[in-house]
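Accompanying notes for the structure given below.
The values are calculated or read from the model by the stated rules, or taken from the named source; none is laboratory data. Everything quoted here is computed from the prediction, not taken from an experiment. Heads up, the Cβs are rebuilt from the backbone with ideal geometry, glycines too, and the neighbour counts pull from every protein chain shown. Only protein heavy atoms, including side chains, enter the accessible area calculation; ligands, DNA and RNA are left aside. Shrake-Rupley method; radii C 1.70, N 1.55, O 1.52, S 1.80 Å.
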Amino acid sequence: MSESAGGNLDHVLTESRLFPPPAEFTDQAVIKSQAQYEALYEAAKNDPEGFWGAEAKEHLHWFEPFTKVLNWNSPNVEWFVGGKTNACYNCVDRHVAAGRGDKAALIWEGEPGDTRTLTFADLQKEVSKFAAGLQSIGVQQGDVVSIYMPMTPELVIAMLGCARIGAVHSVVFAGFSAEAIADRNNDAKAKVVLTANGLYRRGKVLPLKETVDEALAKSPTIEKCVVLQRIEDQETPMVEGRDIWWHDLVADQPEDFPAVPLDSEASLFILYTSGSTGKPKGIRHTTAGYNLWAKRTFEWVFDHRDNDVYWCTADCGWITGHSYLVYGPLAAGATCMMYEGAPNHPAEDRFWDLIEKYKVTILYTAPTAIRAFIKWGDDHVDKHDLSSLRLLGSVGEGINPEAWMWYHEKIGGKRCPIVDTWWQTETGGIMMSPLPGVTATKPGSCTRPLPGVVPVVVDEAGTELDVDQGGMLCIAQPWPGMLRGIWGDEERYVEQYWSKFPDKYLTGDNARRDPDGYYWIMGRIDDVINVSGHRLSTIEVESALVSHPAVAEAAVVGRPDEIKGQGIAAFVTLKSGEPTDELRKELRLHVRKEIGALAQPDEIRFAAAVPKTRSGKIMRRLLRDIAAGKETAGDTSTLEDYAVIAKLRENDES
Ligand code: ATP
Ligand code: MG
């Protein structure tokens, strides 16, 4: 942990705007009143076993009932002990069995414009064939299968196909390097890898199979490689005896291959974190608790109704794609949109085009995308009819209040509630979020905890802090979707999450609770800036910068300062206009005016881009090195574009 850990955080940003849910929304909402929310919340908090036992019985299919709801022996947890279920069955077969087989499960569009729709019945046939195919090449329960695939329906079929036979999937984002794939294959001891012969990205074909071949030269545990033919007429290297075409694998397989009953605590998947704060951790999630958490949080937060067309823009390479493109919405029987390509191909209005074309009702995306849309300009949005939308979501980073306002006005037409959802790979699903029919929202706040989530904000000693004091965000009670460990590294699991406070899950984020009981995430514990003994959160200074009309994106970090301990260095990308000294001065004054002299950046660097993870999160730890004039240290395997770092070093103009 950095030298800035410890003590409480000063809170300097205030936000007084309040947006109650529209009455028409509330009238039809799944959860309609504060009283209803509070009743659920209290029940889950005071009697977790009673509450979650009943939820699990109602919302999952059980081949064999569980005998005990919860075994909690911190940090080890088991939910729904003794029960047997199957996540693929819950997401697919359950709906077919209930007569909903004809409903669209996936509506997919490829980047070139090709489209496919799969009903739940179609999905059942496809996952059956694929699961049987996997078994035919020797994949057994507990084996790890690496998935390095484009955002096609087969990626979802691959995940669900693994779940159907109890194989543990490990999805690796299809933009990672051969090195990163090999690392993950080896860390997880994967037996099989699933890939494609290419994907479309900004009009070009990226040849995935060549990258996988390079990775497989360094992945001794991999025995077989299954290759989807995404691109026709593409020369694809195939290794005799090891590589198999997807279409050959499934050709003679049965369409009614049954889902295997699995222990509640059987591993469902491993997923590596984004690597924003350090080397990615292989987070392990299990079957029943995770599936239930994904389903119920989806239904509550996205207010799911039967006729929704729901679109989560996240890639399946991230936890958001796992929980809110696959396991949550499909378990809830939702119709999910899925898109393969870039948001700016063939033009910057592709998302709005898709929303108009498919009459999308719910959009779930990330602040990094929203900031890009703002930068690209309103013209792209104005060309399209977005009136089908009724609800918007945000995830991945804090959303700056000004970006929130743009999302609300421009995309939501001022009528759609926004759910700013705070959670992590480790938490399995959403932990804090507005309930769209109930919660009056404040731009920049993830508002209140969901039923089952008991957050506490504490100081170094673990003492709970008062309202409006910033400190470390912990979760005080186990919840069904929580991680079960770090794959193959029990020590790191305990060290990372349970060593500081043995009875509380340490999230690694800072937060404060305001007098209305709303939570405000204040950035990472490691990113706190300590100016003359005042501990400041990155996000508040960044939000102050973003509230200036010229600024598109801002990242701030501490840098060594002989007098103050730390000074503030800000990296700023502009919407338009020139990076002048004048503007630099203006921005410093702007921050001073918005949140005070203490938070005024000592240094502002204009940048064409700031370093981000492949999932689009700002990597402040790399900026810290640059601001301090040091070499880049630490893990850069999840960095989106190394050139950004080189460029920032060149641009040292202050
Ligand atoms: P690593 O753990 O490897 O450093 P990471 O924390 O970025 O990477 P993820 O699990 O993808 O990996 O991201 C979770 C983190 O993202 C949270 O801990 C939080 O810092 C941030 N985050 C996610 N959603 C929100 C949100 N709505 N508001 C503020 N921060 C958010
Ligand atoms: Mg993290």
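When TRP318 is tested against the conditions (1) open to solvent by less than 10 Å² (accessible area, probe 1.4 Å); (2) at pLDDT 95 or above, the lone failure is (1). Within region 565-578, track down each residue that is surrounded by 17 or more Cβ atoms within 10 Å (Cβ to Cβ) and of a type outside the set (A, V, I, L, M). Within region 565-578, GLN566, GLY567, PHE571, THR573 meet the criteria.
Of all residues in region 456-468, which are aliphatic (A, V, I, L, M) and either under 29 Å from SER323 (Cβ atoms) or open to solvent by less than 40 Å² (accessible area, probe 1.4 Å) (or both)?
Taking region 456-468 first, the residues aliphatic (A, V, I, L, M) are 456-458, 461, 465, 467.
Selection gives VAL456, VAL457, VAL458, LEU465.
Name every residue in region 604-651 that is of a type in the set (Phe, Trp, Tyr) and touching a helix residue (DSSP H, G or I) at 6+ places or on another chain (Cβ under 9 Å), in order of residue number. Across region 604-651, the qualifying residue is only PHE606. Quick one: is GLY452 more than 16 Å from ligand 2 (Cβ to nearest atom), at positive phi and open to solvent by less than 20 Å² (accessible area, probe 1.4 Å)? So GLY452 passes the test. Among the residues making up region 262-276, those that are out of contact with any Phe, Trp or Tyr (no Cβ under 7 Å at 6 or more places or on another chain), away from ligand 2 (no atom under 15 Å from the Cβ) and part of a loop (DSSP other than H, G, I, E, B) are GLU265, ALA266. Scanning region 526-545 for residues that are within 11 Å of ligand 1 (Cβ to nearest atom) and open to solvent by 10 Å² or more (accessible area, probe 1.4 Å) yields ASP526, ASP527, ILE539. Does region 136-152 include one or more residues that are modelled with pLDDT of 95 or more, part of a helix (DSSP H, G or I) and crowded, with 24+ Cβ neighbours inside 10 Å? No. Could you tell me whether region 469-483 includes any residue that is modelled with pLDDT of 95 or more, within 30 Å of ALA56 (Cβ to Cβ), among the β-branched types (Val, Ile, Thr) and open to solvent by less than 10 Å² (accessible area, probe 1.4 Å)? Looking through region 469-483, at least one residue is modelled with pLDDT of 95 or more, within 30 Å of ALA56 (Cβ to Cβ), among the β-branched types (Val, Ile, Thr) and open to solvent by less than 10 Å² (accessible area, probe 1.4 Å).
Please note which helices (runs of 4 or more DSSP H) are completely contained in region 343-427 and include at least 2 residues that are touching a residue at least 24 places away in the same chain (Cβ under 8 Å) and either open to solvent by less than 10 Å² (accessible area, probe 1.4 Å) or aliphatic (A, V, I, L, M) (or both). Before the answer, list the steps.
Details: elements: 350-358, 367-376, 379-382, 401-406.
Where helices (runs of 4 or more DSSP H) fall fully within region 343-427 and carry at least 2 residues being touching a residue at least 24 places away in the same chain (Cβ under 8 Å) and either open to solvent by less than 10 Å² (accessible area, probe 1.4 Å) or aliphatic (A, V, I, L, M) (or both), they are 350-358, 367-376, 401-406.
For region 15-102, which helices (runs of 4 or more DSSP H) that fit wholly inside it have 1 or more residues that are surrounded by 20 or more Cβ atoms within 10 Å (Cβ to Cβ) and in contact with a strand residue (DSSP E or B) (Cβ under 7 Å, 6 or more places away or on another chain)? It comes to 48-59.
Taking the stated definitions as given, is ASP213 surrounded by fewer than 22 Cβ atoms within 10 Å (Cβ to Cβ) and in contact with a Lys or Arg (Cβ under 6 Å, 6 or more places away or on another chain)?
Values: surrounded by fewer than 22 Cβ atoms within 10 Å (Cβ to Cβ): yes; in contact with a Lys or Arg (Cβ under 6 Å, 6 or more places away or on another chain): no.
Here the answer is no, as ASP213 does not meet what is asked.
Selection of region 176-202 for residues being open to solvent by less than 10 Å² (accessible area, probe 1.4 Å), assigned to a loop (DSSP other than H, G, I, E, B) and not hydrophobic (A, V, I, L, M, F, W, C) yields ASN197, GLY198.
Being more than 16 Å from ligand 1 (Cβ to nearest atom) and either within 19 Å of MET522 (Cα to Cα) or assigned to a loop (DSSP other than H, G, I, E, B) (or both) narrows it down to one residue among ARG605, ARG621, ARG559, ARG588; which is it?
On the way: ARG605 fails: either within 19 Å of MET522 (Cα to Cα) or assigned to a loop (DSSP other than H, G, I, E, B) (or both); ARG621 fails: more than 16 Å from ligand 1 (Cβ to nearest atom); ARG588 fails: either within 19 Å of MET522 (Cα to Cα) or assigned to a loop (DSSP other than H, G, I, E, B) (or both).
Checking each option against the conditions leaves just ARG559.
Test PRO254 against the criterion of being touching a strand residue (DSSP E or B) at 6+ places or on another chain (Cβ under 7 Å), closer than 18 Å to CYS88 by Cα and open to solvent by 30 Å² or more (accessible area, probe 1.4 Å), and give yes or no. Answer is no for this residue.
Considering only region 277-315, how many residues are assigned to a loop (DSSP other than H, G, I, E, B), open to solvent by 10 Å² or more (accessible area, probe 1.4 Å) and within 16 Å of ligand 1 (Cβ to nearest atom)?
Keep residues of region 277-315 that are assigned to a loop (DSSP other than H, G, I, E, B), which gives 277-281, 287, 302-308, 313-315.
Now narrow it down to the ones that are open to solvent by 10 Å² or more (accessible area, probe 1.4 Å): 277-281, 304-307, 313-315.
With the extra rule that they be within 16 Å of ligand 1 (Cβ to nearest atom), the set shrinks to 277-281, 313-315.
Selection size over region 277-315: 8.
Quick check on region 496-507. Is at least one of its residues within 16 Å of ligand 2 (Cβ to nearest atom) and closer than 25 Å to TRP406 by Cβ? No - not one qualifying residue is present in region 496-507.
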